[in-house]
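A quick write-up on the structure given underneath.
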Ligand code: SF4
Ligand code: SF4
Ligand code: SF4
Ligand code: SF4
Ligand code: FES
């Protein structure tokens, strides 16, 4: 702690930051552009000029760039100094010289950092009378819109895109005031984080393209804190809605997880909500036709079905915890299925077990960024958990930070640290069958089949801890490799091992956990992270239930008369033949979902459920963090939250059949959660993921619109000219209107948008953090359910290592090992209903080892028949394996599996 | 009781009500005249039936009693206001021998008593409405009316001393030679101001003070109950005007024209004067109003009583 | 005292002044062009809708009686719907002041009485006029930087043609 004096006011501050940060943390309004909390300072824009005085006697002072000047003890600075003020006004005037007269037709308007800063400096009249330079725009693909005239050359975009996110197709071109930020030629931005340019760019150069089509000013939108549903990382988002339609998804800062960055799947994947595939009314099969029916009709139909025999419920890892639990309460534990195959379920439950048994750390994404040695085994994290991949990419910079510390260069001094980093070796080791996006920053990559990777993993564990089981008949090459990686990990202060269930291989995860546990022997901070596939995979693993195979057996035996399928596309888990069997064997199928799935056409009853933007619920991410999402949209009547539908079903039953679980008495989400906590003590803390619905600030609900929201008396006047009361929900502490409390220290889990006086852009976030880049002032969002604290790996209490080491993979002459090619855009279910994501995804191809690519197309024989696919060489792919896009060729996830590939000329030996 | 008395009892209030109603139109026309407008001139000849139209409208308005109000008192208040205003007319002599209740020997006192009772209407309305604006209005009214009653009484004392009687007839008769406005000019001034304050007319309408209190004591009133306050106010104007006529302007006395016409002319003139006040003067602050009363009008009226007394004694001793 | 009497006299003398009001509707008053009556949406000199759906009028409106939704054709922003609830409008003119394109204008027409309130909800079709209204020459897209059909990039007022990125000249 040090103290600096800002305009005569003493402000306590931290010593390892720069003056700009210190000023912002002290609540001062100091304009800036090129500095970004996550990107550090480069001093490019000259906007943050302040006066620094050498001592109390110094009256003159000198102008310094606040972002480039470290905080020093008792520094005396002035923001209001006339000279500094003029300097800043001058800078912004120069910037605005070429700025187009665009604000009314600019998507950034109303949340534009440039607008804010211009107002803050007081520049309001244009003196420049000459002509403006203009630029041509580029088509950057379905996500991001480009309008180069608005650029102020702060360089944030390229620093983020190239330096931070590792992209290479966005650069600065030309010179002096002609400088241009774009691609070498028109084309889609290839980086998985391109959408963040929308928030990173302080002006309207990069804007959200899908949002532009349904554009609304920030002040008009209702916001709600939410959680991304497109992978298991659980990034925090803000959903924005107007006129009861979802307009966009924005990043919501969570200091532990996504911080300032969201992947493109999360940002643009919400399109399924407004897609034509959306189910909006209950449908009932009448004479083979699905007819829209009123809710009461649907419920009576269900009550009739229920009298016919056993009801079995199937949920899914993409359904909220409350939904899963309510179905659990309706059908009872013995008839409750997780909606996953045995393999998937074993993997997720294993992940849960391994994480709970892990004796070291279970790092958050932010903690991963400071891991100084990382080993990734058999998981393409950039596709399965993109944001986690980005954190690993940052971890590579640890060495340069240590060098910088030694050289006394502050870590936020971005350009200098990156220059130093040029010579620092990476300590990221990647062992995967196929190339990943992280390869370009890895110290070493190794391509092998999953079983071989698991073997290597066990070998590494043995090399670290001799109590671990040894791997016999290892090739000398592999042994040396294992020793090398073991050494690198053991030399680290904070090593991290990452794997996941992409390849459906429990041994791989066990090998990973063994390495992490072995490391704990010497390094207690050694971390383990396991990637899961879906947003609530972990929650469901903690809830437990029958695998789909058991349900199939019961169905075939004719024991099931009604099957309630909630938010699950069974065809993504079961082969089509199995699904057909199920449809044939079960007389009544009730599908409760928001999006039409293939099963819907066979269902006797289809009920429309609210999506994440329309309801409130809890999800448990892969690190076991329960997080609450809140509704921004109040959907029209028959659409309601999953647990409310299931409750309605329960209430429709004959009173003698009412479940004894109290399901029918829950009045709001909090009561549902309380019941969940009673039934599943492990999940009990999930109640505290966010404040309850009766949370109030100064006796008021929290507002979810800015105080300037417009159109209140007219927006629904075409329906009725009378004023409508704003919609309300008993499940949230939010009011749906502009009425209510809103303040920078409101609970972190309840921040519906960022805005403070003078800061209308997302940069207002600075005011909500207790220190910039640190935790939120109102406390964390979400709560961890797993704590590995009591485990140890010591002589006295050794870790129980897994011992089932697989045999090496031997390529076969007539068959191939089909491995999943998980794609960022294409493999995930819901995002593929979103038009921009569909546009961004590419057609399925078959990845073959570079040596084996013969003709342009090949036929892959899977259980559901032959698939004729174009072939693409994948460098490094082990012989005898092929990569097949997950869920894109055969819908069901069945990996790894052995299949026949026609046209494959040469099985080949393993090199 | 004769049937003609009964007729008088029934007809006079109706007549007075009609007059008060008409006055609302007259006031608006006059205000229009003095403010370069036309005023209501559409319904009937010269817009005369505007008042009828308004009456019909107000009858059909929802008669809303706020749920938080003290119901009985709330209903009673406007009735009191209306009644006191109307009762006072009983003793006003229109011509020699013509008056509704004939010549009451304590006529002036009766009128003062009625005016005193009138305060209740306002205070109770303000109190029973159970709303802060109404209450504030009621409080102001109470303070204002009670204070001004003092000066009013004192101002009248001069007249009574000169006429030697409380009977309004006698007072008019006493003005046979000289209207009391000349010898009692001080008293006249004080009485006039007090009269305005008593009827809480502009510029002394602080109990209503619409720009700070909503509508003061009758904020919560609507429909015909509001209408009764309204009519009571106009009846009050006519009352004060006819009192001024009777006490200071020689009542029905005047050359050529019949006495009743004189009385009506004088009263009408006073009413017009009231309206002119409204058309031209801004409202003082409340403290100014009270200061004017206690610091200026009270000494003046005492002075008036003293002077009148002195002169009368001197004259008697001469 | 004297002042008060003088005031009374002066007011009374107004009885002999000319009336400032007229006998509407037989006599129509003169309403200046900037009178704040019925709101219209005007068009550019080239006949296209002027409104660019920037929402500034909506946010400026003190009674929140304007709402609209942006849509886009060929780079031109325009409102998909534009709705004013005149039963709420107080004719303050803030919307006109806020409008950066002179699209929304108040006109000297105030005869908007309706028997049913819903008829006071005006949609874009009801609001749009075919002319430019009070500002005959202004066209927002002539000054804005974005290109529209008929106006290339860099062809707005005070703009240079776009930079050639491949040029090596300084
Ligand atoms: S970038 Fe900001 S300042 Fe520039 S046109 Fe867009 S909204 Fe206006
Ligand atoms: S495009 Fe945006 S982020 Fe990039 S330099 Fe220009 S203003 Fe900065
Ligand atoms: S005139 Fe005023 S109230 Fe009417 S629409 Fe415009 S801003 Fe709103
Ligand atoms: S301010 Fe003007 S341009 Fe903007 S939305 Fe309103 S009418 Fe259209
Ligand atoms: S923020 Fe300091 S120079 Fe840009």
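The values are calculated or read from the model by the stated rules, or taken from the named source; none is laboratory data. What you are looking at is a predicted structure, and each value in this text was computed from that prediction instead of being measured. With ideal geometry, Cβ positions are generated from the backbone for all residues, glycine too; neighbour counts draw on all protein chains shown.
In the stretch B:28-54, the residue that is farthest from residue B:81 (Cα to Cα) out of those that are away from chain C (no Cβ under 14 Å) and buried (at least 20 other Cβ atoms within 10 Å of the Cβ) is B:50. Within the option set A:843, A:813, A:850, A:800, being under 28 Å from residue A:317 (Cβ atoms) and out of contact with any helix residue (DSSP H, G or I) (no Cβ under 9 Å at 6 or more places or on another chain) holds for one residue only, A:843.
Among the residues of the stretch A:38-52, those identified as more than 15 Å from ligand 2 (Cβ to nearest atom) and within 18 Å of residue A:17 (Cβ to Cβ) are A:49, A:50, A:52.
Okay, residues lined up against (1) in contact with a helix residue (DSSP H, G or I) (Cβ under 8 Å, 6 or more places away or on another chain); (2) away from every other protein chain (no Cβ under 14 Å):
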| site | (1), (2) |
| --- | --- |
| A:204 | yes, no |
| A:209 | yes, no |
| A:218 | no, no |
| A:228 | yes, yes |
| A:234 | no, yes |
| A:242 | yes, no |
| A:247 | yes, no |
| A:252 | no, yes |
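Residue C:145 fulfils the conditions (1) within 8 Å of chain A (Cβ to nearest Cβ); (2) buried (at least 20 other Cβ atoms within 10 Å of the Cβ); (3) more than 16 Å from ligand 2 (Cβ to nearest atom) except for a single criterion, (3). The set of residues from the stretch A:138-163 being within 12 Å of ligand 2 (Cβ to nearest atom), more than 14 Å from chain C (Cβ to nearest Cβ) and within 26 Å of the chain's Cα centre (by Cα) comprises A:140, A:144, A:155, A:156, A:157, A:158, A:159, A:160, A:161, A:162.
Residue pairs whose Cβ atoms lie under 7 Å apart, separated by 6 or more positions or on different chains, with the first residue in the stretch A:125-137 and more than 7 Å from chain C (Cβ to nearest Cβ) and the second assigned to a loop (DSSP other than H, G, I, E, B), are A:137/A:147. Looking only at the stretch A:178-187, filter to residues that are within 10 Å of chain C (Cβ to nearest Cβ) and either touching a helix residue (DSSP H, G or I) at 6+ places or on another chain (Cβ under 8 Å) or modelled with pLDDT of 95 or more (or both); which one of those is surrounded by the fewest Cβ atoms within 10 Å (Cβ to Cβ)? Per the stated criteria, the residue is A:180.
Determine whether residue C:56 is more than 16 Å from ligand 1 (Cβ to nearest atom) and either away from chain A (no Cβ under 13 Å) or in contact (Cβ under 8 Å) with a residue 24 or more places away in the chain (or both). No, not satisfied.
Selection within the stretch C:78-135: residues that are touching a helix residue (DSSP H, G or I) at 6+ places or on another chain (Cβ under 6 Å) and part of a loop (DSSP other than H, G, I, E, B). The member of this set that is nearest to the other protein chains (Cβ to nearest Cβ) is C:100. For residue A:195, the test of being surrounded by 20 or more Cβ atoms within 10 Å (Cβ to Cβ), within 14 Å of chain C (Cβ to nearest Cβ) and touching a residue at least 40 places away in the same chain (Cβ under 8 Å) is failed. Looking across A:124, A:149, one residue alone is crowded, with 20+ Cβ neighbours inside 10 Å and out of contact with any helix residue (DSSP H, G or I) (no Cβ under 6 Å at 6 or more places or on another chain). It is A:149.
If residue C:160 satisfies all but one of (1) more than 20 Å from residue A:721 (Cβ to Cβ); (2) within 7 Å of chain A (Cβ to nearest Cβ); (3) assigned to a loop (DSSP other than H, G, I, E, B), what's the number of the condition it fails? Among (1) more than 20 Å from residue A:721 (Cβ to Cβ); (2) within 7 Å of chain A (Cβ to nearest Cβ); (3) assigned to a loop (DSSP other than H, G, I, E, B), residue C:160 violates only (3).
For the condition part of a loop (DSSP other than H, G, I, E, B), away from ligand 5 (no atom under 16 Å from the Cβ) and in contact with a helix residue (DSSP H, G or I) (Cβ under 7 Å, 6 or more places away or on another chain), residue C:62 qualifies. Filter the stretch C:95-116 for residues that are closer than 11 Å to residue C:36 by Cβ and within 9 Å of the chain's Cα centre (by Cα); which is nearest to ligand 5 (Cβ to nearest atom)? Going through the qualifying residues, I end up with C:97. The sole residue among B:68, B:60, B:74 that is in contact with a helix residue (DSSP H, G or I) (Cβ under 7 Å, 6 or more places away or on another chain) and at pLDDT 85 or above is B:74. Residues in the stretch A:313-325 that are in contact with a strand residue (DSSP E or B) (Cβ under 9 Å, 6 or more places away or on another chain) and assigned to a helix (DSSP H, G or I) were compared, and the one that is surrounded by the most Cβ atoms within 10 Å (Cβ to Cβ) is A:324. Number of residues in the stretch A:137-152 that are in contact with a strand residue (DSSP E or B) (Cβ under 8 Å, 6 or more places away or on another chain) and within 16 Å of ligand 1 (Cβ to nearest atom): the value is 8. Taking the condition exposed (fewer than 11 other Cβ atoms within 10 Å of the Cβ) and modelled with pLDDT under 95, does residue C:74 pass? Spelling it out, residue C:74 is indeed exposed (fewer than 11 other Cβ atoms within 10 Å of the Cβ) and modelled with pLDDT under 95. For the structure I just gave you, tell me whether residue B:224 is surrounded by fewer than 23 Cβ atoms within 10 Å (Cβ to Cβ) and more than 15 Å from the chain's Cα centre (by Cα). Against the criterion (surrounded by fewer than 23 Cβ atoms within 10 Å (Cβ to Cβ) and more than 15 Å from the chain's Cα centre (by Cα)), residue B:224 qualifies.
Looking across A:856, A:826, one residue alone is farther than 17 Å from residue A:897 by Cα and modelled with pLDDT of 90 or more. It is A:826.
Does at least one position in the stretch A:4-24 carry a residue that is within 32 Å of the chain's Cα centre (by Cα), within 16 Å of ligand 1 (Cβ to nearest atom) and either touching a residue at least 40 places away in the same chain (Cβ under 8 Å) or on the phi < 0 side of the Ramachandran plot (or both)? No, the stretch A:4-24 has no match at all.
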